[in-house]
Amino acid sequence: MFLNLNHTKLEVFKTSRALVLNCYKVTKQFPDEEKFGIISQIRRAGLSIHLNIAEGASRRSKTERQRYFEIARGSVIEVDTAFDIALALNYCNESGLQVTGILIVDTFKMLTGLMK
């Protein structure tokens, strides 16, 4: 935010930011009893994606960068899986997850590309 570093210009960084914000928006509609359950898990994993991209991009070693991007990609899978459970529990519906799905797929693809 205050540091004007190169990672903020990366498309994957911008997309992951949109994904985090979307995770918060969608989970606001979940039942209150899930506050410390699936809501917290989705939000933490979503934020983890964004933070690991930022931290990975700042690493000088390719191996270190790859590791952070790999962790971020794992968190993308975690968010996707958690939304699958939320859908099965009727906490949300498929039409309400269209944007989320696009952001998940795009972030996953971009991270995979960065890792190659």
For the chain, set up a GNM with springs between Cα atoms under 10 Å and report which of Ser16, Ser48, Ser58 has the largest fluctuation. Ser58
Using Cα atoms only, what is the angle between the long axis of helix 62-88 and the major principal axis of the chain, expressed in degrees (0 to 90) to the nearest 10? 10 degrees
Shape of segment 1-90, Cα gyration tensor, a/c cut at 1.5: prolate
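Just so you know, all these numbers are worked out from the coordinates, no wet-lab data involved. The structure displayed is predicted, hence computed values, not measured ones.
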